[in-house]
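Every number in this text was worked out from the coordinates using simple rules, so none of it is lab data. Please read these numbers as outputs of a predicted model, since none were measured by experiment. Ideal geometry is used to build each Cβ from the backbone, glycine not excepted, and the neighbour counts take in all protein chains shown.
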Amino acid sequence: MKAAKNAPVHLISRWMLLKGREKEGIAALKKLASEVLAQEPGTLIYRVHTPLMDDAQLVSLPTSVPQEIVFYEAYSNAQAFDDHVNGPRFTKFVEDHGALFLAPSDSPGKPFIRVQFLELQTGFIREAPRVNGVALYRIEPTGRLTASWTVADRDFAGKTGIEIAEKKGSAKSGLAGQYNVRIWGPGTPIAQAPIFTGTLSIKALPGGTDPQMESYELAWTTPGSTEAYAGLGLRRKDSDSLTASYWNVVPPEPTLATPPAPTNHHPSVMFEIIAKKQGPMLDFYRSLFGWNYQFGTGNFAYVRFPSQPQPLLGGIGQADPSIPGFEPGRTFYLLVDDLQATLDEAGKLGGSTYVGPTAVDGYHFAMMKDPEGNIVGLVQPFTSETGPQGTKKVGKPKARKASK
């Protein structure tokens, strides 16, 4: 169904951080979110998630990939969505940080993104009570911050409160740091007791798309209490003011401490059956499982499965004992990030290289022998678009020599 004109736009998109770049990528995404919040009023929801891992009660099915990033976004209309994806903030983010994410082989530096647009049918959103508001800070040379704040609450509508924050320690220059903070409610003079006393932590976020702007992460906490607040702030470098949006942090429900279950890595993601006679084997598996085939290099018959966070792949090839890896039999593959590094380590541990790093039909693989001579396949991560690309042809292949 086509979306109505000026209707809100909802979507889910999935990206994949490169292994080892998770911390850097999350920091860059926080910076992007703060800029979208401050400068894109048509973006209504912009929430960035990572998979919940190692929880014995909440187990994702199928198993999640730790490096996956899931966005849930909502825009006031299609124009607001277009203003975001083609606007200066998102464009600059991809330009500066795209190399942190998995990318198609033909477009390095441009993240591979899966997007699903959504049409609301029914349902609701019930959120825990939240305090949402805006604070405008004045930065004094002494390191003191004074602020007026407002909150989206019917009891305080149109009213402002006062906040005073004194920087801890001897270093008073720079905005980032720890502050002793006191907050008074709307209409309350500072001669009276504050409604909140605790610590304000301000942390600078990495550089963003506008060189004239600085972004900060804020957190308000108080000793011995679960009451806490979080926020994002923006400041022009030549300004003595900071504007922050904030919300209350809902504490998690207490749970019994349980040791996390160990996480298995390097899953088996691909199989091959190298047949002595390929044609009859294709007929057998087509009849048994209803498999359809796509034929690639050397008439290798690929068997595709529905996409998962890491796509799954299988295939049936024609045996050719003159080519290592094409002897009759079965092979399974383990997912690794670096083929050569894995082969080198296997050699140190008593194994050996059987097939060195090889590229065919859009994917990269290798094979090793363990100390007992068992052959194990290795394959680098791929997606449905960047992985093996056979033709759409379905049926019996012509007899020709497989080539790897």
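Taking the mean number of other Cβ atoms within 10 Å as a proxy for protection, how do you rank 104-112, 238-246, 57-65 from highest to lowest?
Ranking, from highest mean packing down: 238-246, 104-112, 57-65.
How much length would be gained if the chain were fully extended between residue 95 and residue 338, taking 0.36 nm per residue of separation minus their Cα-Cα distance, in nm to one decimal? Could you put the intermediate results ahead of the total?
On the way: separation 243, 0.36 × 243 = 87.48 nm, distance 2.51 nm.
That pair, residue 95 and residue 338, stretches by 85.0 nm at full extension.
Fully extending the segment from residue 117 to residue 27 would add 29.8 nm, taking 0.36 nm per residue of separation and subtracting the current Cα-Cα distance.
Could you put 235, 286 in order, starting from the residue whose Cβ has the fewest other Cβ atoms within 10 Å? Spell out each step's value before the answer.
Values: 235 20, 286 17.
Placing the least packed residue first, the sequence is 286, 235.
The stretch 97-116 and the stretch 354-381 have Cα centres lying 25 Å from one another. Distance between the modelled labels on residue 297 and residue 193, one decimal in nanometres: 7.6 nm (7 Å Cα→Cβ projection). Taking Lys and Arg as +1 and Asp and Glu as -1, the other residues whose beta-carbon sits under 9 Å from that of residue 66 total -1.
For a footprinting-style exposure proxy, rank 215, 170 by other Cβ within 10 Å, fewest first. Walk me through the intermediate numbers first.
Working: 215 23, 170 6.
Fewest-to-most Cβ neighbours within 10 Å comes out as 170, 215.
The modelled label-to-label distance between residue 170 and residue 327, using points 7 Å beyond Cα along the C-beta direction, is 7.2 nm.
Given a Förster distance of 35 Å, report the FRET efficiency between residue 37 and residue 370 from their Cβ-Cβ distance, rounded to the nearest 0.05. Don't skip to the end; give the middle numbers.
Details: r = 52 Å, r/R0 = 1.49.
Efficiency for this residue pair is about 0.10.
Taking the Cβ of residue 16 as the center, what net charge do the other residues with Cβ under 10 Å away carry, scoring Lys and Arg +1 and Asp and Glu -1?
Values: positive: 14, 19, 114; negative: 68.
Computed value for this residue: +2.
Translational diffusion of the stretch 132-248 was estimated from the Stokes-Einstein equation, with Rh taken as the Kirkwood radius over Cα pairs; at 20 °C and 1.002 mPa s the coefficient is 146 µm²/s.
Give the calculated FRET efficiency between residue 14 and residue 238 to the nearest 0.05, with a Förster radius of 41 Å applied to their Cβ-Cβ distance.
Details: r = 39 Å, r/R0 = 0.95.
Given R0 = 41 Å and the Cβ-Cβ separation, E is 0.60.
The order of 236, 304, going from fewest to most other C-beta atoms within 10 Å of their C-beta, is 236, 304.
With +1 assigned to the C-beta of every Lys and Arg and -1 to the C-beta of every Asp and Glu, and no other charges, what is the dipole magnitude of the stretch 9-118 about the Cα centre in debye, to the nearest 20?
Numbers: 11 positive and 13 negative charges, 26 e Å.
Around 120 debye, computed over the stretch 9-118.
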